[in-house]
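Data first, discussion second: the structure below is written as C-alpha cells.
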Amino acid sequence: MSKKDKVFTVKVRRDFCKGCGLCIEFCKKEVLGTSAKLNRMGYNPAEPVKPEACIGCMMCTQVCPDLAIEVYSG
Amino acid sequence: MELINNWPKYYKKDVVTHYCPGCGHGIVHRIIAELLEEMDLGKQAYLVCPAGCAVLAYHYFDFDVIESAHGRGTAIATGAKRAKPELFVISYQGDGDLSAIGTAETIHSANRGENISVVFINNAVYGMTGGQMAPTSILGQSTTTSPDGRNPEVDGYPLHITDVVANFPGVAYAERVTVASPAAIKKTKKAIRNAFQTQVDGLGYSIVEVLSPCPTNWKMTPVQSCKWIEEEMVKEYKPGLLTDKREERRKDRAC
C-alpha cells in the first residue's frame, strides 16, 4: 500500500492542549480548528474539524509544544 | 489503527508542562527526549537545568537531571563530566541564565573546551520574572523595563554570546536555529543531534542557540510570536552554522 492510499486519523488529547493554535496555523490542509468547549485547564483546545483531509505530514506534531496531538495510520 | 508519533521514551508520560501556551521550551524538550532515545544515550544522560522558566524541567524528563544555581549550569556540567566522563552531560539554559548572570561560567567553560553540550534557549526577555529586558533583547524591543523600546545609548546592544564563544578554539560546534516553523524545528533537531554527536565523539564543547517564542512576555499570540521571530529576531540573530571544527579535531586526534 503506497502512502497515498493510507488513511490518517488525527486526535487531540483535549486535556493536554493549551490552545496555542500553532497546529491550526501550520496545518496546510486545515484539518484542525478550535473547539468551542473549554478543557480541564480552561483553554479552548484544538480539535479536528476536517479529519478526512489529513495526509499524515506530521507538521502539527512537530510544532505542538505539549505533545497533545496523536496521529494514527490505517 | 497504529500510532505514528509514539511518546518519547525519556519524556515522562502524561505530564502537562507548566509552560505558557505556545512556548518553545516544550518543543525543545521533546526534541531532546527524542534524540536521547534515537541515539541510545538515555541511560547515561545527565541534564543540568537552569534557573528560569525551565527550572522545573526535571518534572518532565525521565532520566537523571540536576538543578543548578542561577547561571552556573556549565560549571556543574563541567564537574559532572570531569568526575564521570562516561556520563552524557547536557546543560539546558535560557538567555537570562547563560548570557547574563552566567556569562563568566559560559565563557570559561567554552574556552576550556569542556566536552559538554549546551542547549541555549534565547527568547530575548527574562521570561520567568515577568518579561524584563535581557542582554539579548533586540534594539527597539519593548519590555517591562524598556517600555519605549531598547535604546542602545542607555541599555547597550544585544549580546551575541554564541558568536562570542564560537570564536574560541575550544568550541567544536556552534549553531543558531529557531523553532518558528515545522521546517525550522527539523533543522533544530538536526543541529542538536550534531551537538550531541560532538560530545559522543569527544570532540569538545558544542552549543546550539535556539531562538524561541515567548508569547506571554512579548504580548503576542503564539502565531504572531513565530512570525516576529522570522521577521524581526532573525535580523539581529542570523540563524546558521557559526563554527564547525569537528573535522579538524578528528584529524588532530588521528595524528
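Quick note: the coordinates plus some simple rules give every number you see, no bench work behind them. Fair warning: this is a prediction, and the values are worked out from it, not measured in the lab. Glycine gets a Cβ as well: all are built from the backbone with ideal geometry, and neighbour counts include every protein chain shown.
The table that follows gives values for the structure above.
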{"quantity": "Fraction of beta bridges assigned by DSSP in the protein assembly as shown that are antiparallel (%, nearest 5)", "calculated": "40"}
{"quantity": "Loop-located GluC sites (Glu not before Pro) in region A:1-73, at most 12 other Cβ atoms within 10 Å (DSSP)", "calculated": "A:Glu30"}
{"quantity": "Square roots of 5 times each gyration tensor eigenvalue, C-alpha, the protein assembly as shown, largest first, Å", "calculated": "32, 25, 18"}
{"quantity": "Cα-based Kirkwood hydrodynamic radius, region B:4-121, one decimal, Å", "calculated": "14.4"}
{"quantity": "Filter on B:Lys43/B:Lys190; B:Lys9/B:Lys43; B:Lys12/B:Lys43; A:Lys28/B:Lys235 - keep pairs with C-alpha separation over 23 Å", "calculated": "A:Lys28/B:Lys235"}
{"quantity": "For region B:50-58, 3J(HN,Hα) per residue [Karplus equation, 6.51 cos²θ - 1.76 cosθ + 1.60, θ = phi - 60°, Hz, x = Gly/Pro]", "calculated": "x, 8, x, 4, 7, 4, 9, 4, 5"}
{"quantity": "Length added when fully stretched, B:Lys13-B:Glu67, from 0.36 nm per residue minus Cα-Cα", "calculated": "17.4 nm"}
{"quantity": "Neighbour-count order for A:Cys60, B:Cys23, B:Cys255, fewest beta carbons within 10 angstrom listed first", "calculated": "B:Cys255, A:Cys60, B:Cys23"}
{"quantity": "Two-site FRET efficiency, A:Val49 against B:Ala254, from Cβ-Cβ distance with R₀ of 41 Å, rounded to 0.05", "calculated": "0.10"}
{"quantity": "Length released on extending from B:Leu139 to B:Asn167, taking residue separation times 0.36 nm less the Cα-Cα span", "calculated": "7.7 nm"}
{"quantity": "Tail fraction, Cα-Cα pairs, region A:3-73, threshold 15 Å, whole percent", "calculated": "46"}
{"quantity": "In order through region B:158-173: 3J(HN,Hα) via Karplus (6.51 cos²θ - 1.76 cosθ + 1.60), integer Hz, x for Gly, Pro", "calculated": "x, 8, 9, 5, 5, 5, 5, 6, 4, 7, 6, x, x, 8, 8, 8"}
{"quantity": "Amide H contacts of B:Ser146 (H built 1.01 Å from N, under 5 Å, at least 5 apart or other chain)", "calculated": "B:Met133"}
{"quantity": "Shape category assigned to chain B from the gyration tensor of Cα positions, a/c cut at 1.5", "calculated": "oblate"}
{"quantity": "Lys, Arg +1 and Asp, Glu -1 on Cβ, resulting dipole of region A:3-73 about Cα centre, debye, nearest 20", "calculated": "100"}
{"quantity": "Förster radius 35 Å - calculated FRET efficiency between B:Lys43 and B:Glu153 (Cβ-Cβ, nearest 0.05)", "calculated": "0.10"}
{"quantity": "Pairs beyond 26 Å (Cα-Cα), from A:Lys29/B:Lys13; B:Lys13/B:Lys186; A:Lys11/B:Lys238; B:Lys13/B:Lys81", "calculated": "A:Lys29/B:Lys13; A:Lys11/B:Lys238; B:Lys13/B:Lys81"}
{"quantity": "Chain B: most fluctuating residue of B:Asp97, B:Asp14, B:Asp155 per GNM, C-alpha cutoff 10 Å", "calculated": "B:Asp14"}
{"quantity": "Top positive-direction residue, dipole computed over region B:116-250 with Cβ charges, set B:Thr144, B:Gly204, B:Ala134", "calculated": "B:Gly204"}
{"quantity": "Cβ-based charge dipole, region B:1-108, positive-most Cα from B:Ala33, B:Tyr11, B:Cys49", "calculated": "B:Cys49"}
{"quantity": "Tensor-based shape of region B:17-61 (alpha-carbon gyration tensor, a/c under 1.5 rounded, otherwise prolate or oblate)", "calculated": "oblate"}
